[in-house]
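Chemist: Structure in structure tokens, see below.
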Amino acid sequence: MSLPPIARMDRAGRGPVIATVALSTLVGPVAHAGALRVVVLDARSRTPIPGAFVQVGPAPGSPFAGNSGATASDGSIAFDDPALVGPQTVTAGAEGFSLLTVIEAASDSITLPLHAETLGNTIFGPKAEISGTTVGIQTRDNDGNVDVEVVYPALKLSDVLGRRTAPVEVPTDRVTFPIVGAKDVPGNIVIPRQTEYLFYTFEKSNYHFFVPDQHTYDIVVLAGRAPVSSLGSASLNDVTTRRVGIERQVAVNGNVTLVPSCDLDLSPSLIVRVPEAPAGSAVEAVSVADVPEPGGTRTLLYDLKSSRAEDLDHFTLSGLNPTGDLSTSVPYVAARFRDLSPAASYEAGRIDRTPLTLPATRSMEGFFLIPDLLQNGSQFAWTPVARPGVTTDPTWAIANFRLEPRSRSLWEVWSPAGRGSFSLPSLAPGAPGGLVSPDSTPDQDHLIWDHLIADPAGPIQSVLIDPFATLTRYSRRSMEIKPPVGVPAPVAQTLPEPQPIRPIALAPNPARGQVDILWTRPPAPGAEVRWNLVDVTGRRVNSGRFEASGMARERAPWSGRFAPAPGVYWLDLELGGQRERARLVVLP
């Protein structure tokens, strides 16, 4: 019997990176226009990286001369130039780390934690072993089932779903059982002594796993019951999770022996349907709860079930109404459907945080569309995923470029989802890393582009610390690409949708108040033009339609009392099913 992914953290997936980049506003001198301070950290240890490469802008010398440099001993570098107005594109890198680029999102100051290029399964820095046994599982003898417990540290939801290795090591224990023989069992599993088949004893009395030392953890124990025949099985659908317990705020300073109690009864009374999952896809539903702690919210797993979309009408999950040691917990439901093939080329997910009291039924609907992807040299574009009137608008797109099967993460790019595309920056000579050709590696590697689009709310700093804190929807597509070559092509030449209609400009730009649209080829008089004004997160701030005057210059429909607040925006125009886009900077 195999247990949920949280019981097998050492086998973390190698998919797109959803929640592993953290940016935060630094406390320091009061920022002023034309100044930007960048700090580069090691994401594993949170220590500064001296000598890290940093570049502001899309290319050397743009938007100003001297726009790249190396960080000082404290991991920081400061830039000061009048061209630093509005959100900036920033790239950071260091030897042994994947590059990180944030597109048009950095203002005043930003912290960029870099992740190791090689996605390993081990803890960085000192680690401590947490071990012991458990109490409170309530076994039954000779019922054809085996009672088991999983012991794990509560983590951030982004650690659980984010695809990079979570900060926990779970060793494998070889255990010989009666009848079923020797099995590899995760080290964080406990099987209390119990008798089956009249007189055969099944037992694995102790658990153990490793975590980074010098931290404080909530240690969770989750009990379940499944047929003896399922020992060694990969399926979770025969497992009924029955009880849960938690030891709050366990300070780890060296190895710890702990005996957590599994003392709260779960209720198998949560019905979950996923009606939008397409036939042929794999569907998963999970019952979880957030627990507030001084170091930030932590997430508990109560139950997880999976099926092919066409094989099951609904899932029955176990859950818990807040009580006892978990009286402050906030239960909710998440679900996803994904590609069943080995390529795992698509995935879409929903998180429903509406108040939940058991018994309950949830129908997980309103998924984002799966994006289509297009590469042209160094430019990468995607089709819209929002469903008007059905879903929220996405806010951020996260691209991860990696080599497989070597599992090397080469470059991670965060971009406002509303852009619809981005071009990889051209980096100054001597910059570390970048996209390499699989032909230059010793293995039969493939260069994979994972692209995830999601709707986390809030300022960029908090979103990138933990995007799952507010996220309700995401969708992902993966494809094999060729290494970018040559100069990035203009957006209008490569987007699959929208296609260019007639190049436009905005004047004045930057602007205060009145703005005019300048047409290269004016549309016919009376032609209907639809427009949307979106901010850098992809949030629509104004929209409407107007009849073209037929002139080469006409007043923007949002001028005057509908003028947006100071900031950076994108104007999307649609005419006859085709679209064009222009960037606008509104000054205070």
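Every read-out reported here was derived from the displayed coordinates using simple, explicitly stated rules and does not represent laboratory data. Note that the coordinates shown come from a computational prediction; the quantities given were computed from them, not determined experimentally. Cβ coordinates were reconstructed from backbone atoms using ideal geometry, including for glycine residues, and neighbour counts include every protein chain displayed.
Chemist: Spin-label point model (7 Å from Cα, Cβ direction): what's the ALA182 to GLN138 distance in nm?
Modeler: So the two model labels end up 3.7 nm from each other.
Chemist: A follow-up question, please. What is segment 270-367's relative contact order, in percent, from Cα pairs under 8 angstrom and six or more apart in sequence?
Modeler: Details: 213 pairs, mean separation 35.3, N = 98.
It comes to 36 percent, rounded to a whole number.
Chemist: What whole number of Å gives the distance from the Cα centroid of segment 246-308 to the Cα centroid of segment 362-389?
Modeler: Centre-to-centre (Cα) distance: 28 Å.
Chemist: In straight Cα distance, which lysines are under 23 Å from LYS156, not counting same-chain residues fewer than 8 positions off?
Modeler: Those lysines meeting the cut-off are LYS127, LYS305.
Chemist: Name the long-range amide H neighbours of GLN194: under 5 Å, sequence gap of 5 or more, or other chain; modelled H, no Pro or chain starts.
Modeler: Residues meeting the criterion, in which the H sits 1.01 Å from N, are PHE202.
Chemist: What percent antiparallel are the DSSP beta bridges of the chain, to the nearest 5?
Modeler: Details: 155 of 174 bridges.
The answer is about 90 percent antiparallel.
Chemist: Could you compute Rg(Cα) / (2.2 N^0.38 Å) for segment 504-586, with N its residue count?
Modeler: Details: Rg = 11.9 Å, N = 83, 2.2 N^0.38 = 11.8 Å.
Normalised Rg, Cα atoms only: 1.01.
Chemist: List the relative contact order of the chain as a percent without decimals, with contacts defined as Cα pairs under 8 Å and 6+ residues apart. Provide the component values of the computation, followed by the final result.
Modeler: Details: 1563 pairs, mean separation 76.3, N = 588.
13 percent.
Chemist: With labels modelled as points extended 7 Å from the Cα through the Cβ direction, what inter-label distance (nm, one decimal) is found for THR172 paired with SER205?
Modeler: Taking the two extended label points, one gets 2.6 nm.
Chemist: Tell me the label-point distance for the pair ALA251, ASP213, using the 7 Å Cα-to-Cβ offset, in nm and rounded to one decimal.
Modeler: About 1.6 nm, to one decimal.
Chemist: Once phi is turned into ³J(HN,Hα) by the Karplus curve 6.51 cos²θ - 1.76 cosθ + 1.60 with θ = phi - 60°, what whole-Hz value does each residue of segment 408-423 show in order, with x for glycine and proline?
Modeler: Listing the rounded values in order: 10, 8, 9, 7, 10, 10, 9, 9, x, 4, x, 5, x, 5, 8, 10 Hz.
Chemist: What number do you get for segment 410-482 when its Cα radius of gyration is normalised by 2.2 N^0.38 Å, N = residues? Each step should come with its number before you reach the end.
Modeler: Working: Rg = 15.3 Å, N = 73, 2.2 N^0.38 = 11.2 Å.
With N residues counted in segment 410-482, Rg over 2.2 N^0.38 Å equals 1.37.
Chemist: Can you give the Rg to Rh ratio for segment 307-452, taking only C-alpha atoms and Rh from Kirkwood? Provide the component values of the computation, followed by the final result.
Modeler: Numbers: Rg = 20.1 Å, Rh = 18.8 Å.
So for segment 307-452, dividing Rg by the Kirkwood Rh gives 1.06.
Chemist: Can I ask one more? Report, in deg cm²/dmol and to the nearest 500, the calculated mean residue ellipticity at 222 nm for the chain, where each DSSP H run with n ≥ 4 adds -39500 (n - 2.57) and the sum is divided by the residue count. Please list the in-between numbers first.
Modeler: Details: 3 runs with 15 residues, N = 588.
Result for the chain: -500 deg cm²/dmol, rounded to the nearest 500.
Chemist: Moving to a separate point now. Give me the three principal axis extents of the chain from the C-alpha atoms, as integers in angstrom, largest value leading.
Modeler: Extents along the principal axes, in whole Å: 91, 53, 47.
Chemist: For segment 118-265, what does the equivalent ellipsoid look like in terms of its semi-axes, each the square root of 5 times an eigenvalue of the Cα gyration tensor, given largest first in whole Å?
Modeler: Details: eigenvalues 152, 56, 41 Å².
Gyration-tensor ellipsoid for segment 118-265: 28, 17, 14 Å.
Chemist: Ok, one more. Specify whether the C-alpha gyration tensor of segment 32-112 places it in the rounded, prolate or oblate class, a ≥ b ≥ c being the square roots of the eigenvalues: rounded for a/c under 1.5, otherwise prolate if a/b is larger than b/c and oblate if not.
Modeler: Details: a/c = 1.79, a/b = 1.66, b/c = 1.08.
Taking the square roots of the gyration eigenvalues as a ≥ b ≥ c, segment 32-112 is prolate.
Chemist: Reachable aspartates and glutamates from LYS482, Cα under 17 Å, same-chain residues fewer than 8 places away excluded?
Modeler: ASP372, GLU404, GLU412, ASP439, ASP443, ASP445, ASP450
Chemist: While we're looking at this one, here's another question. What span do the alpha-carbon atoms of segment 270-367 cover on each of the three principal axes, reported in whole Å from largest to smallest?
Modeler: Its Cα atoms span 41, 29, 20 Å along the three principal axes.
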